[in-house]
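Trainee: Take this structure, written in structure tokens, and hold onto it; I'll ask about it next.
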Amino acid sequence: MHKAARQRHLLDLLSERGQAAVAELAGAIGVSVDTVRRDLADLERQGLAQKHHGGAIALEPSDMPRQARAALLPQVKQRLGRAVAAQIPPGSTLMLDAGSTLLAVAQALRGPATVITASLDIAQCLSDRPEINLILLGGQWDARQRLFAGGATLALLARYRADIALLGACAVHAQLGLSAGEEADAEVKRAMLANSGERWLVADHMKLDRCEPHHVADLAQVQRLFTDRPWHNLDEQSLIELCVVADDR
């Protein structure tokens, strides 16, 4: 197996399992322990993985560079994007959060639709589609997250209303709700929720059972959660609709 493909496979395994021993990874890929150690050292230098006491653990997504986060679970994000887009009624007005999973939703979105977003990547994705009425929210540019945020963004958001707010997640916890690693990001998410009739959350399994410093919303404020695995820690009495998007192969 070529080095790049092998390291991609390693990263996928770590993303799926969270933590694994070097010997376990070597057996799964069919290479030597020394080869896995060298690959883990390369991934660590790229900010993608961290060696840990004879094993390896994937870095917390919130601590990873944006490009590194976008590289995690690409097939899962594409499946989630297609599943969410298929549930959006034609002609809807949407508030679309930033992030690679929401970008997958935008790529799969079928018009006609109106999309309100602070994400430059989503705006670029939709900019050449005549059936999409695109509204890009300006404000203070955040180059690390590739989005606009701050007071000007919030002031613009207050002028709009949407049928559905589609949010990504830094972290989702059954008791503590939805939270974000950056205060400005949390403010934009809260404004999108407040100005939309329905509120949907899209989060892969790596975001579940985690908490970040800045509270966004309680789970009771969200009607639907799209994820790729059953969430066993979710309270059975919760009113949120859990939509598990399984592997479609």
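The values are calculated or read from the model by the stated rules, or taken from the named source; none is laboratory data. If you're wondering where the values come from, they're calculated on a predicted model, not measured in any experiment. Neighbour counts are summed over all protein chains in view; Cβ atoms, including those assigned to glycine, are modelled from backbone coordinates with ideal geometry. The accessibility values were calculated without ligands, DNA or RNA, using every heavy atom of the protein model including side chains. Shrake-Rupley method; radii C 1.70, N 1.55, O 1.52, S 1.80 Å.
Trainee: Hey, could you check segment 206-223 for residues that are open to solvent by less than 40 Å² (accessible area, probe 1.4 Å) and part of a helix (DSSP H, G or I) and say which is modelled with the lowest pLDDT?
Mentor: Let us first name the residues in segment 206-223 that are open to solvent by less than 40 Å² (accessible area, probe 1.4 Å), namely 206-208, 210, 212, 216-217, 219, 222.
Imposing the further condition that a residue be part of a helix (DSSP H, G or I) reduces the set to 206-207, 219.
Numbers: M206: 82, K207: 88, L219: 93.
Per the stated criteria, the residue is M206.
Trainee: Answer yes or no as to whether D121 is in contact with a Lys or Arg (Cβ under 6 Å, 6 or more places away or on another chain) and not in a strand (DSSP E or B). Can you show your working first?
Mentor: Numbers: in contact with a Lys or Arg (Cβ under 6 Å, 6 or more places away or on another chain): yes; not in a strand (DSSP E or B): yes.
Spelling it out, D121 is indeed in contact with a Lys or Arg (Cβ under 6 Å, 6 or more places away or on another chain) and not in a strand (DSSP E or B).
Trainee: Is it the case that R199 is buried (at least 20 other Cβ atoms within 10 Å of the Cβ), assigned to a strand (DSSP E or B), under 17 Å from the mean Cα position of the chain (by Cα) and of a type in the set (D, E, K, R)?
Mentor: Working: buried (at least 20 other Cβ atoms within 10 Å of the Cβ): yes; assigned to a strand (DSSP E or B): yes; under 17 Å from the mean Cα position of the chain (by Cα): yes; of a type in the set (D, E, K, R): yes.
Yes: the conditions hold for R199.
Trainee: What number of residues within segment 224-239 satisfy the criterion of being in contact (Cβ under 8 Å) with a residue 24 or more places away in the chain and either in contact with a helix residue (DSSP H, G or I) (Cβ under 7 Å, 6 or more places away or on another chain) or buried (at least 17 other Cβ atoms within 10 Å of the Cβ) (or both)?
Mentor: Counting residues in segment 224-239 that are in contact (Cβ under 8 Å) with a residue 24 or more places away in the chain and either in contact with a helix residue (DSSP H, G or I) (Cβ under 7 Å, 6 or more places away or on another chain) or buried (at least 17 other Cβ atoms within 10 Å of the Cβ) (or both) gives 9.
Trainee: In segment 181-196, which residues are surrounded by fewer than 17 Cβ atoms within 10 Å (Cβ to Cβ) and either among the acidic types (D, E) or in a strand (DSSP E or B) (or both)?
Mentor: E183
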